[in-house]
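Here the structure comes first, spelled out in structure tokens, and everything after it is commentary.
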Amino acid sequence: MRLGARLQAIASMIPRGALVIDIGADHAKLPIHVVQNGICQQAIIVEVTKGPYESAKNNVLLSGYASKIDVRLGDGLHPIERHEVDQIVMAGMGGMTIFAILTSLYANQLLAQRDHVLLLNPMNAGGFLRYALLQLAYDVEVDQLVQEDGIIYNIMRCRASTRYDTTQRMDIISILEQKFYALSLPEQFNWEWPHDVRHRDPLAKEALARELKKRVQILEKFGKGMEVLPNGLQKIADEIILYRMHNA
Ligand SMILES: C[S@@+](CC[C@H](N)C(=O)[O-])C[C@H]1O[C@@H](n2cnc3c(N)ncnc32)[C@H](O)[C@@H]1O
């Protein structure tokens, strides 16, 4: 099974002999790849949606690795047992969904009991996710950009130190969301584009230029001729200044 650059970047972070849990695996490409290439002896797929669950099951069956890749229907970490926790992949999902999966009551109890690594590819809300992971005492060990078919993706590898006990506050997502969006725009920008990623990753300049272009287009389309911008558009105008500043 050949992987595109995005899933290949995640596969290359998985240590030999690890047990991979791919949450939201859909087509099952990553688990099939790691088992086929002898990186892992075993993998687990969790899918919450019937269609992708069936397609994961079919693809695993066709690959000939059904005895090594266990496909489970369920929500996030709920179908996972304590002894299985190891390398947890969540790719191609929104940052909020990833965080919601990590902070369910069951996930919180499960993850507090065993060392684990998160391999994440958030499709949006990356700034919030970095901020929120830090509150759960995760260290982002690798934070990189990868380009596939012209799209630039963010890939992170995170490891838990002493994990914050979220069972005390089940409204943790809304609390952190409120805190994050109360930060100043430059602070939010720095979570979305950490200093070292901006300066180290060769794709960062291109990614920032694309984000800038998107915002300029929105402002030109919806803000044309307005003397006073409504709040949403004013935020975009302020972000344009930030993106220009950091992409000079
Ligand atoms: C866009 S696909 C990504 C597929 C693959 N991981 C990739 O990166 O190419 C996202 C998948 O996540 C699944 N998903 C979303 N929330 C989930 C949850 N809470 N538990 C398990 N799967 C979930 C969806 O059903 C969908 O199939």
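Return the Rg/Rh ratio of the chain with Cα-based radii and a Kirkwood Rh. Using only Cα positions, Rg/Rh for the chain is 1.00. Solvent-accessible surface (1.4 Å probe) assigned to residue 123 amounts to roughly 100 Å².
Calculated from the alpha-carbon coordinates, the range 202-246 shows an Rg and a Dmax of 11.3, 38 Å respectively. At q = 0.23, 0.24 Å⁻¹, what base-10 log of I(q)/I(0) does the Debye formula yield for the range 86-160 when every alpha carbon is treated as an equal point scatterer in vacuo? Debye curve over Cα of the range 86-160, log10 I(q)/I(0) at q = 0.23, 0.24 Å⁻¹: -1.08, -1.17.
Placing a pseudo-label 7 Å from each Cα along the Cα-to-Cβ vector at residue 16 and residue 67 gives an inter-label distance of 2.3 nm. Sorting 142, 60 by accessible area puts them as 142, 60; the probe is 1.4 Å, largest comes first, and only protein heavy atoms count. Positive contributions from Lys and Arg (+1) and negative ones from Asp and Glu (-1), summed over other residues with Cβ under 12 Å from the Cβ of residue 57, come out at -2. Computed over protein heavy atoms with a 1.4 Å probe, the accessible surface of the chain works out to 50 Å² per residue.
Among 99-107, 221-229, sorting by the average number of other beta carbon atoms lying within 10 angstrom of each residue, highest first, gives 99-107, 221-229. Counting heavy atoms of the protein chains alone, residue 83 has an accessible area of about 120 Å² for a 1.4 Å probe.
Solvent-accessible area assigned to carbon and sulfur over the chain amounts to 51 percent, based on a 1.4 Å probe. Within the same chain, aspartates and glutamates fewer than 8 places from residue 57 are excluded, and of the rest, those with a Cα less than 14 Å from its Cα are 22, 26, 47, 70.
Solvent-accessible area of residue 67, all protein chains in place: 110 Å² (probe radius 1.4 Å, heavy atoms, ligands and nucleic acids excluded). Computed packing ranks the peptides 182-189, 134-141 as 134-141, 182-189, most packed first, by mean other Cβ atoms within 10 Å. Rounded to the nearest 20 debye, the dipole magnitude of the range 202-246 is 160 debye, with +1 charges on Lys and Arg beta carbons, -1 on Asp and Glu beta carbons, and the Cα centre as origin.
The values are calculated or read from the model by the stated rules, or taken from the named source; none is laboratory data. Keep in mind that this is a model prediction, so the values were computed, not measured. Because the Cβ atoms are built from the backbone with ideal geometry, glycine has one as well, and the counts that use them run over all protein chains shown. Side chains included, ligands, DNA and RNA excluded: accessible areas come from the protein's heavy atoms. Shrake-Rupley method; radii C 1.70, N 1.55, O 1.52, S 1.80 Å.
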